[in-house]
Amino acid sequence: MKFKNITYKILICIFAGLIFVCIYFNSPLKKNINAPKADGTFIQLDLTQNWNDTRWKKELSYLKEAKMDYIVLSGVSTTNGNSTQSVYKSSLPGFQKIYGNSDPIDLCLKNAESLNIKVFLDTNFNSDWWNRSGYDSEWLNTQVIRMNSVADELYSKYHKKYPGSFYGWYFPYEVDNAKFSNTDQFLVLSNAANDYLKHLEDKNERLHFLMSPFMNSSCSTPQEYADNWKVFFKNTNLKPGDIFCPQDSIGSGKLNINEVNEWFTALRKAVKSKNGLLLWANAETFDYKNNSSTTLDRFTKQLKLESPCVDNIICFSYSHYYSPNNINSGFHNSYVKYLSKNSLPNLRVSPPKDVYVFSGTNNQFLISWVKPDDTKGICGYRLYRNGTLIYQSIVQRSYGGNKAYNSIKFLDKPYLGTDTKKCTYEVRSFDFSGNVSKPSKPVTVNTVPAPKLPSSNLISNKRTYTLSPNPQSIYADNGFKLTDSSYAPDNKVKDNYFIGWYNDPIEITLDLGKIYDIKQFSVDYLYNPTSWAELPEKASISISEDGENFTPVGMLDFPIVPFSERNGTKYKIYLTPKSTVKGRFVKIFSVTKPNNYTFIDEIEVKN
């Protein structure tokens, strides 16, 4: 009898457990465990220059479908040199109206008012910001004066008209840990911000304040950056409800996605030092390698990694990179499904049908492929060389897109500094959520690797040289870095083995000491795009017996850098003449890509 009672109780418990599980997985409790989302988006107003009221209504309806409550409008007015352009009709001296007669601020605020969307407005941005030092308090304070005047005008024109949607102010100057790297610079920033906030307070225009800096993991540690912001928070008159909203810097490549949690955790602690200050994340929806939209698997991973660290998340930018107003609706449709199902659609993607490779001169190969019969849901294609992703074709934006990044053919020039004798190409399709197809049938072609002479043939070791212009002071030369046979081990711009120039064309002249029969030249360049280190646009080598009259030898042949290459990589570029050349002086002329650096750690000449 006792045994029967125990059995009966066990059966009741099992039955009750089954009922609980059934109820739980079909209850609001389970359904309320929602996937993290972006609660708003930036909109740069150049995107909207041709939007009428209907386009604005559409855009905001898409944002509501994506469960968004905030918009940050930037580009309200921009100063370049002595001229200032504004998207609204301004009465301020020297301001010029752009984008026709429409008023995008009014159109945005009006439609946001009816949908309960809150809007932050910036005021004025001076493009000279990127050329200014973090110590330049005089320049920054002058910009604040103009910001104050614009804020007065915006508040007067729009706040009384749209009190529900005109929610806050966006500070237009993006701060980073390269330009702002110490306490003194953050105090300069704090003083400027205080002048701005005091003006708003005095004019009774003080609304929620939002700023969105960014970070670069090659410039500091998370803790160093957080400590500097802690100084800013302590000395700035921020109020409860103001928002510190760092860009996650994933789209720009300044942070690796696996570094995000560490950086936001450090910033979280700094934000807690300021009573009532909120920490939001600004999740980036693009990929800097081709300035195109990223697939949703990466974006939703950013949301999942950042959401435990922050109070809220907005993005840059749903309107530019995902909205059906500006790109294929596949992104929006997949994201809305993610919000409703708490996961991205997991779909089977059809692979490309055929791949063709045509060999050209100088180890160049034109690869093309045939789309599958079923292209529904396909977002783009990924081309691999020997298993490495070298090119990504993806649907492009109507405004801001580039057709070159949505092609089914690609001209490849492999790096052949190693003993690569074959290249195997294959292509995969992928969809908006990031689901990838099986590979196409591979195609293999032969290559001609660069001949490499033994180190015993080196004749440039410890030879003297001249540089024009001199390298940047922080990447200076000690007189022998380029010929000491010491190669940088870490492939980072801070590595003391490199010397670097910003923006300038470079001329390097080596003196070999006497006339030699020369068979090969090589220059070792750094590629590290997150630190603005790019391979040159072009480079040439010439030789001379007397140091006065130089004869061209040839051009260095730069490869196509793979799309997947995001970290520091060195490219040793060879030039091997068809026949031996004679000379004592070797001149290398290298053209730096605009607004980038050229870094070199070693030059070799062999006989």
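Length gained on full extension, Asp46 to Ser398, computed as 0.36 nm times the residue gap minus the Cα-Cα distance: 125.4 nm.
Across the range 391-401, rounded Karplus estimates of 3J(HN,Hα) from the backbone phi angles (6.51 cos²θ - 1.76 cosθ + 1.60, θ = phi - 60°) give 7, 10, 9, 8, 4, 10, 6, 5, 10, x, x Hz, Gly and Pro being marked x. Estimated from the Cβ-Cβ distance and a Förster radius of 30 angstrom, the FRET efficiency linking Arg268 and Lys67 is about 0.80. Rounded to the nearest whole Hz, the Karplus-based 3J(HN,Hα) values (6.51 cos²θ - 1.76 cosθ + 1.60, θ = phi - 60°) of the range 365-377 follow the sequence 9, 9, 10, 9, 8, 9, 5, x, 4, 9, 9, 4, x, with x at glycine and proline. Between Cys315 and Gly40, Thr41, Phe42, Ala283, the built amide H atoms are under 5 Å apart, and every one of these is 5 or more places off in sequence or on another chain.
Across all C-alpha atoms in the range 319-370, the radius of gyration and Dmax reach 18.1, 53 Å.
With the Kirkwood sum run over all distinct C-alpha pairs, the range 355-446 has a hydrodynamic radius of 14.0 Å. Across the range 31-341 the C-alpha pair distances fall into 20 Å bins from zero in the proportions 33, 61, 5 percent. Dividing the convex hull volume of the alpha carbon atoms of the range 380-420 by its residue count gives 76 Å³ per residue. The value given for the range 455-606 is a Kirkwood hydrodynamic radius of 15.5 Å, derived from the mean inverse Cα-Cα separation.
Distance between the C-alpha centres of the range 402-440 and the range 281-316: 25 Å, rounded to the whole angstrom.
Between amide H atoms placed 1.01 Å from N, distances below 5 Å from Gly500 occur with Gln472, Tyr475, all of them 5 or more places distant or on a separate chain. Once divided by 2.2 N^0.38 Å, the Cα radius of gyration of the range 413-471 becomes 2.03.
For the chain, the relative contact order is 10 percent, taking Cα pairs closer than 8 Å that sit 6 or more residues apart in sequence and dividing their mean separation by the residue count. Kirkwood hydrodynamic radius computed over the chain comes to 27.7 Å, based on all pairs of distinct alpha carbons. Each of Glu224 and Ala476 was given a label point 7 Å from its Cα along the Cα-to-Cβ line. The distance between the two points is 2.0 nm. Three semi-axes describe the equivalent ellipsoid of the range 418-532; taken as square roots of 5 times the Cα gyration tensor eigenvalues and ordered largest first, they are 37, 23, 11 Å. Within the same chain, lysines fewer than 8 places from Lys89 are excluded, and of the rest, those with a Cα less than 20 Å from its Cα are Lys97, Lys110, Lys157, Lys160, Lys161. Summarising the amide proton neighbourhood of Thr84: residues at separation of 5 or more, or on other chains, whose placed amide H is nearer than 5 Å comprise Gln96. Quick one: of Lys341/Lys441; Lys67/Lys254; Lys254/Lys538; Lys413/Lys452; Lys118/Lys269, which pairs are farther than 30 Å apart, Cα to Cα? Violating the 30 Å Cα-Cα cut-off are Lys341/Lys441. Pull up the cross-link candidates among the aspartates and glutamates for Lys234, meaning alpha carbon to alpha carbon under 18 Å and not fewer than 8 places away within one chain. Partners found: Asp184, Asp195, Glu224, Asp242. Rounded to the nearest whole Hz, the Karplus-based 3J(HN,Hα) values (6.51 cos²θ - 1.76 cosθ + 1.60, θ = phi - 60°) of the range 299-310 follow the sequence 4, 5, 5, 4, 4, 5, 6, 8, 4, x, 9, 10, with x at glycine and proline. Normalised by the number of residues in the range 482-590, the mean separation of alpha-carbon contacts (under 8 Å, six or more apart) gives a relative contact order of 40 percent.
Only helical DSSP H runs with n ≥ 4 go in: add -39500 (n - 2.57) per run for the chain, normalise by residue count and round the 222 nm mean residue ellipticity to 500 deg cm²/dmol. Taking each H run of at least 4 residues, the total per residue is -7500 deg cm²/dmol.
Which entries in the list Lys37/Lys337; Lys198/Lys239; Lys481/Lys587; Lys514/Lys572; Lys301/Lys376; Lys462/Lys514 go over 19 Å, if you measure between the two C-alpha atoms of each? Result: Lys514/Lys572; Lys301/Lys376 exceed 19 Å.
Every number here is computed from the coordinates shown, using simple stated rules; none is lab data. Remember, predicted model here, so these are calculated numbers, not experimental data. Backbone-built Cβ (ideal geometry, glycine too); neighbour counts: all protein chains shown.
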